[in-house]
Structures are given as C-alpha cells and as structure tokens.
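One structure below.
Just so it is clear, none of the values below were taken in a lab; they were calculated from the coordinates. Since the model is a prediction, treat every value here as computed from it, not as a measurement. In this analysis, Cβ positions are derived from the backbone assuming ideal geometry, glycine residues included, and neighbour counts consider all displayed protein chains.
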Amino acid sequence: MSGRMLLGTDPVAAVTILEGLPIDLIGLNCSTGPDYMREPIRVICETSRLPVTCIPNAGLPLNVDGQAVYPLEPGPMADELVDFVTEFGVNVVGGCCGSTPDHIAELVARLDGKAPRPRSVPYVPRIASALRAFDLFMDPAPLIVGERVNSQGSRVAKRALLRDDYDKLIEIAREQVENGSHALDICVALTERADEVFQMATIVKRLGASFETPLVIDTTEVDVVRAALEVYPGRAILNSIHAENRSERIDKWVPLMKEHGAIAVAMCIDERGQATDAQWKFEAAQKIHTIVCGEYGLPPETLIFDALTFPITTGQADLANAAVETIEAIRLIKSRLPGVLTILGVSNLSFGIDPYAREILNSVFLFHAVKAGLDLAIINPAHARPYAGIPDVTREFAEAAIFNSSQSALTDFIEHVDAIIKSGGADTGPGKTSPGVVEPDGTDERIRYRILERRKDGVEDLVDSAIAERTAHGTRRHDAAVDVLNGVLLPAMKQVGDEFGAGKRILPYVLQSAEVMKKSVARMETYLERIEGVTKGTVVLATVYGDVHDIGKSLVQTILANNGYTVHDLGKQVPVTEIVEAAVRHGADVIGLSALLVNTSRQMPLVVRELHRRGLDIPVLIGGAAINRPFGARVNFVDDAKSTRYAGGVFYCKDAFEGLDWVEALTQSGDRDAVIARVQTEAAAVA
C-alpha cells in the first residue's frame, strides 16, 4: 500500500488541510481493514492534535460466489484496534463494512479498562497541496517560494495571462518547481483586464491539479482571495494583510483565513504607511499580531511577517540602510513574537542594477536574512547563486553595500562586479559560475569545480579523462574509477553537504550539484567491474517518507552494487510499511535509509520501531545531510525511556564508504551478532 488516500493525498497533507477547518475529530474509516490502516493512523496520531478515529472494515472483501465476504474475524480485528488505542492513542474505534455485533462486542470487551495512550503533539505550521504537506519551519531554512508565476514581476507571465495561455503559466510553474521551489506565489492582477477573480480561480485549479507544490495567493482583492480559496484543494498562504486600513485588509481577510484554514503573509505596514526602520517594522507587526491572535484567536503560526525589502540600489540616501533595518527587524519579530514566521521578497533589494550584480547581492542578503531568522524567501531559484561559491572579496564588497559600511560601499560593489564582467569572469547563462571564479587547471579540480558550480556540461568527458590519466600510469580501470570516486567526487559532494548544513547553500543549489554528481557517477560506473551471478548479500535502500531527495542513496546503490551486493532501491518518499515489507519480501540482510532534511529524518526511528514490532532483526543503516552519530545512537532504542534496543542494530554512516564498511562487517565478517552488539554498546554510551 502507498500510504496515500485514493486520490493520492498523504496523511500529513490531509491533517494539514483538515485541521485548519472547524472540525472536532479526524481519522480513517472504511476502504480497508485495520492492517492497511496502521501506518496512516500512526502518522495521523503523530501529526494531529485533534482526537483521532479509526473505523475500518473487517478486512478487504473477497468475492465468494458473487458475494462480498469480509474475512477478518472479531478477535484479530479487535487485536489491531486495541493496539491502535494503546500504542498510537486513537480515541474512537469501531467497525465499518463487514463488521458485525460480534466484532463490536469483542472490541468492547478487549478495551475494558484501557485508555488511549496520551498524545502530546506540538503544533507544526504547514501548508499543503491536495497531495503533499510542507513544514514552514524548514531545517535548514528557508522554504523557497517561487516568484515567477506573477503578472507584476514576470513579463512572460503577464503576456501569458493577457493571452489566456494557461499552459505557458504551467510551464513557468514547472520550471520553478524543478529548480527547487517548495511553494509558488501566484499573482494574476493586470491593469489591462478586469477579470482577476476568474483568472485566479482558473490558474489555481490548473496548478492544484498539476503539482504537489502548495500555492501562495498573491492579491490585494478580498474577492480574489475568496474565489481562490473556494477552488483550492490544499492549505494556502494569502499574500497579504496589513494594518494600514484594518477594516479592508484584516477584518475582511481573517474570517476567510478561519473559514478555509489559510495562513497569511502580514506586511509590516500600519496607519503610518510602510515601516522603514527596524523598530517601526516590529511595532507594525506587533499591532497585527494583537488583532489576529488576540482578538480573532488565531495561533501565531498563522502569521508570516514580511519585514519589507526596499531597494538599496536607487541611490536614495534614506534607503541606504534599508537592508540593515530589515535584517534587524527580522531578529526583533522572531525574538519578541514567539511562534510567528518571517518572509521576504528578496530580489526587491537590488532593483535596477545589472542582473549579474543583482544575483550576487540577493544571495548575500538572503544568507544574512536567514541567519537573522528568515523562514521563507520569495525568489527565483534559477537566478540565485550559492553564498559559499562567491569568492571572499566579492562577498566583502556585497556585504559592505548591504550593511552600508561606507558612503561609497554600493558604488564600490557595482564597480567591482563591472570589472568581473569586463574581464570575462561573469557567466550569466544556465548553471552560472560564481563571480570571479575561473575554471581551474587539472582534470580532478575541473570535475570538483563542476560539482560545486552546478555545471553538467562536459563532466562525463572529464570523468573519462581522469580515469585515462590514472590508467596511463598502470592503474587498472576499475581501481582508477574507484580512486576518482573516492578522491574527487565524494569530497566535492561532501563540501556541498557541509555548506548546506552551514546555511551557505540553499536546497535548490544542493539538488543542482547532485544532478552533476549523478552524471559523473553514471559515467564512472561504466568502468567498474561486476561479478555476474554472484552476490555477497541483499540490501534494500529507500529515501524515507516525506523526502523527495536521493542525493546520497544513489551513490550508495552504485558502491554496493559494484562491490558484489544485490541492491533493491525502493526510490524516494517510501512509507514505513512499504520499506519493512520490501525488506521481508527480498530477504534483506541490511536496510539502508536516507534523509536530507531534519523533519524527514524523524521517519527513521519509525521504521526501526515497526521492524521491532514485527519481531525482525534486520540491521538498519542511516545517513544523510541531516543525520549525525548521536541521532543514530538514539534510533537504536525503540522506546522513549531508552530501555529497549532494536535487535538488529542501527548504524550511522557519515558517507557511502562507511556504509559499505558496515555492510561488509555485517555480511562478511562471520560474526554479525558481535558487530551489532558493538554498535549497541556504543549507542548506549552516546544516547
């Protein structure tokens, strides 16, 4: 089973959408027996703060002589449901199709004297499409909101709207999603047309049916908001409310937020106008917070404050300090209004200067805004650059302009970038080179450069050359390929991962580097020798549920397969039960789990606990950018008190080769139990 509902909605998305509405309980009924409900019910109980219901059928029906027969007997059905109550904290249980008075009587008897396990679920602000939810507090931040499906910021989008060319808008949206956007800002306002309500409803329906990516409804008109919310199947962000005219932008919008469970961007604007200094921005935010949270009773997590980005590039003296004030305002809002989120339209900062200079200035500003507490950023990820890839001297010029460190700081920055452009050091095409970076000499360094700079062009030829250089000195092709992998590809990707963890690369950049890595590894694989018909063991790999990234897992698959192991790669976003059942089906000697993000890494202990529940002892390897050794140690325990260890052991892997080492130790050493005992002892000391 996929773990999704009939139309593809995952349980977290369902909870995200429905909890925003005025409902009293949430749960599952009908459709399947309790066995197939176990995983989604567990997810709902861990995600929802509402009482949870579970009313399954008496198993999946069988066709017996043309009649539907439900095979699950009262005892086994009661066993499952009692488990849901005591283990997950389900509050209401019962029986749907196929259940009889005997089923209910057995359930009542088994539940006598038992209470639901207490649940304490913290509120996690999320948005959702009809299919998938996204945590707004991303770790590492920020959540990226694509800005190009916007009539006010994109000439291409505006022309498409004027022509009713919704296919073109879908194409723009797809490009934003493929470049790493987690949400899409949608604005269709046009001075040339008066049918914004119709156009917004039309594009929202089209996008809602085309992408898993949630939407941000960007408009000034309450009728447009209403029309969008009435057709959108997910939980949206509204952009935006403010306090300049309370009756128009708060009192009319907040009831729609409550009715549809929406979240709102709140601009730092009050009756005095757009706030320009940090204290004023905070005061405007505080005023909105008092009204929305105090008077209307909405939680603070439903507010995303925009501290306003003004251009520092216009030469106006009163805006020279604008970036400093915005960054400081973010700090004030986050520290004094607990629970709220923050957002910026980053590119406003650099309006009017050369596109190449804009990208540098925007990237450096984004880095510092995130350090100050920024949660969401409205950008075009295709036109962004990694902070870590900008040379120190160029960063210093950009930072001087952003922090207004001297009267000539902005002019100095522009002249510095102009000099780079005139010298031919600027690349404004796809897979852009960082400013002032010149492609190095040496084949190995050029491969590393391409991974760091996200350039796929020519990387396969460079891999061929790197291997040829090694074989020319007598190294076997296989050994040369392994040396390139170990000495060039892995260190480059490790640097990308380290910079991601330090906040110097946002997720879209990491994914673009990963695409270069995949091309490199695919070419390198052609040089590796495999022993056909012989296997050293079976490994099942999966990227855990909720995570759509397979950066490291693909590399692990290559290394294991080329070291004699049979590898079954289950892909990305794999539910807990599917991982466990695949491991049993394939007779796995080892399970490998990957996660890129902190929030998705929480799926790993759930896999381990499900293996334990089923009495299995398959060793589990875990790895990914969000994982560390103390986390791995904690996952070895299957109870909150850390008194029960998982019999198969959980093995943290800092990289693909440590993963290979653990697999070799578990399958080839002849003393699997001693290897497991060692890691469990180490886990007890760390956890």
What are the radius of gyration and Dmax of the stretch 1-149, computed over its Cα atoms and given in Å? 17.7, 59
When only C-alpha pairs under 8 Å and at least 6 residues apart count, what is the relative contact order of the stretch 51-93, in percent? 50
Extension gain from residue 164 to residue 529, taking 0.36 nm per residue of separation minus the Cα-Cα distance: 125.9 nm
Can you list, bin by bin at 5 Å, the percent of alpha carbon pairs in the stretch 538-686, starting at 0? 2, 11, 22, 26, 23, 13, 3, 0, 0
Before anything else, pin down the relative contact order of the chain: Cα pairs under 8 Å, at least 6 apart, normalised by residue count, whole percent. 8
Checked against the positive end of the charge dipole of the chain (+1 on Cβ of Lys and Arg, -1 on Cβ of Asp and Glu, about the Cα centre), the farthest of 482, 166, 116 is 116
Test item: Cα-centred dipole of the stretch 538-686, Lys/Arg +1 and Asp/Glu -1 on Cβ, debye: 340
Charges only on Cβ, +1 for Lys and Arg, -1 for Asp and Glu: so what's the dipole of the chain about the Cα centre, in debye to the nearest 20? 320
So the FRET efficiency between residue 24 and residue 155, C-beta based with R0 = 60 Å and rounded to 0.05, is 0.80
Determine the gain in length on full extension of the stretch residue 121-residue 274; use 0.36 nm per residue of separation and subtract their C-alpha separation, reporting nm with one decimal. 51.3 nm
Figure the gain on full extension for residue 320 and residue 111 (residue separation times 0.36 nm, minus the Cα-Cα span) and round it to one decimal in nm. 68.4 nm
Taking the highest mean first, how do the peptides 59-66, 209-216 order by number of other beta carbon atoms within 10 angstrom per residue? 209-216, 59-66
What Kirkwood hydrodynamic radius, in Å, does the stretch 137-384 give when the mean of 1/r is taken over all pairs of distinct Cα atoms and then inverted? 18.2
For residue 306, residues with placed amide H under 5 Å, excluding near neighbours: 266, 267, 268, 343
Pairs over 24 Å Cα to Cα, from 371/518; 572/654; 252/287; 258/287; 371/456; 281/334, come to 371/518; 371/456
Taking R0 as 51 Å, what FRET efficiency do you get between residue 68 and residue 209 from their Cβ-Cβ distance, rounded to the nearest 0.05? 0.95
Would you mind telling me the antiparallel percentage of the DSSP bridges in the stretch 11-111, rounded to 5? 35
Nearest-0.05 FRET efficiency for residue 613 and residue 515 at R0 = 45 Å, using Cβ-Cβ distance, is 0.75
As a test, work out the antiparallel percent of DSSP beta bridges whose residues both lie in the stretch 214-368, rounded to the nearest 5. 10
Diagonalise the Cα gyration tensor of the stretch 106-215 and give the resulting equivalent ellipsoid semi-axes, square root of 5 times each eigenvalue, largest first, whole Å. 41, 17, 12
Please state, to two decimals, what the Cα-based radius of gyration of the stretch 443-525 comes to when divided by 2.2 N^0.38 Å (N = residues). 1.09
Please list 637-650, 509-522 highest first by mean number of surrounding beta-carbon atoms within 10 Å per residue. 509-522, 637-650
I need the peptides 218-225, 627-634 ranked by packing, meaning the mean over residues of other C-beta atoms within 10 angstrom, with the highest value on top. 218-225, 627-634
